[in-house]
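In what follows, a single structure is set out as structure tokens and then discussed.
The values are calculated or read from the model by the stated rules, or taken from the named source; none is laboratory data. None of these values were measured; they are calculated from a predicted model. As a convention, Cβ positions derive from the backbone with ideal geometry for all residues, glycine included, and neighbour counts pool all protein chains shown. Areas reflect the complete protein model, heavy atoms only, side chains present, ligands, DNA and RNA absent. Shrake-Rupley method; radii C 1.70, N 1.55, O 1.52, S 1.80 Å.
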Amino acid sequence: MAQNQRPKSLLDSLGEEIIRILTPVSICMLLVVLLVSILNSSSSLYVTSSIATIAYSETGSDSSWDKFIGALLNSLVFVAVVTVATFILVLFFYLKCSKFLKIYMGFSSFVVLGFMGGEIALFLIEEFSVPVDCITFLVLLFNFAVIGVLAVFMSKMPIIVTQGYLVLIGMLVAYWFTLLPEWTTWVLLVAMALYDLAAVLLPVGPLRLLVELAMSRDEDIPALVYEARPVTHHDSASRPVQTRIWRERQNARLDSEDSSSLNSDLNSTVSIVQSSHNGARIARVEEGQVSQRDAELSAPLIDHRMDAQDGMSTESLMLEGMGLGSSGAIKLGLGDFIFYSVLVGRAAMYDFMTVYACYLAIVAGLGITLMLLALYQKALPALPVSIALGVLFYFLTRFLLEVFIVQCSLNLLMF
């Protein structure tokens, strides 16, 4: 009975995977809603000047049509800048300038944590009248930013610290986006969802090119990407099947390729042949045997002998792009965190009923996207479904609430 039981499929464990990525997204959105609720009154006079408002500055005296056209121009400029920047990132990654990209990403993270985080901290200190001197504040802020950069870009940090700083970076950037004019914010959200759709699905999309290039080289994408913790499932024989293996272990196994000694534990014979044409290493594994390095480089990690017995196809678990990457862990770009949080942060400026409706819409969209990822087994954008549902629920909730308020007011006047 136990031998005939099939191991869990990807859809069987999808609920656990959704929770693992939904938790940090929810925390990021909650933090942005809290910041907007606390600082909205004190920072409402603060006017942000950025690329998102370079083409048009919204004023209260403008008509709705002028605001829409201006917001559309701002969004087109912002998407154009993001597109050019992403193609430049692909070019540098193609030229193997990974070290430069890491330095640039580290500097960007330091700016976000140090300057944006510092200004928000000043808002909070002023709001709650926290007694702190300038020197202590600067020392704490500098250490906070430096540790954040090290946590995000150094693999030896505990994963919980890395994940926490990624959520904080997303929260800080999202809060600053909520300070944009209202019309620009909503048009920008829709424009970024459409950009995400094109950048991932089109053959010449920059994000698709970046993912394919990283896959071909078996390298990590040089970007701020949230990665969930590894998950371990157990089959009927109590043999663990890892769904993620750390990149460091992969590199360690690759470094030992030159050794042609026998692996007595797996009883496999591997011979390394040096090609005279291109210097490539060719590993030949005898029939019915699997080397430990080859087993660990498969993603997710599947026992090939068990796989042969149960007839389970490992191709069904080989997913790339948003969701499950080649390492088997769920990965979600930090930009998705940011724009999800911008949507609920903007909703928090209206009322908390609208926040709740937008949150449920985003969660539903994220779940739909992960289910589509599991079914179609191809890279999928994370923004379009969630943003579409979130924007729809926002305006429906506002409209229904306004109708309800007007109806209640009329009823009170009648009586």
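Glu182 fulfils the conditions (1) buried (at least 20 other Cβ atoms within 10 Å of the Cβ); (2) touching an Asp or Glu at 6+ places or on another chain (Cβ under 8 Å) except for a single criterion, (1).
Only one of the numbered conditions (1) open to solvent by less than 70 Å² (accessible area, probe 1.4 Å); (2) under 30 Å from Leu373 (Cα atoms); (3) not polar (S, T, N, Q) is violated by Ile160, and that is (1).
Among the residues of region 340-363, which ones are out of contact with any Gly (no Cβ under 9 Å at 6 or more places or on another chain) and open to solvent by less than 50 Å² (accessible area, probe 1.4 Å)? Within region 340-363, Val342, Gly345, Arg346, Ala348, Asp351, Thr354, Val363 qualify. Flag not set for Lys67, criterion: loosely packed, with under 14 Cβ neighbours inside 10 Å and out of contact with any Cys (no Cβ under 9 Å at 6 or more places or on another chain).
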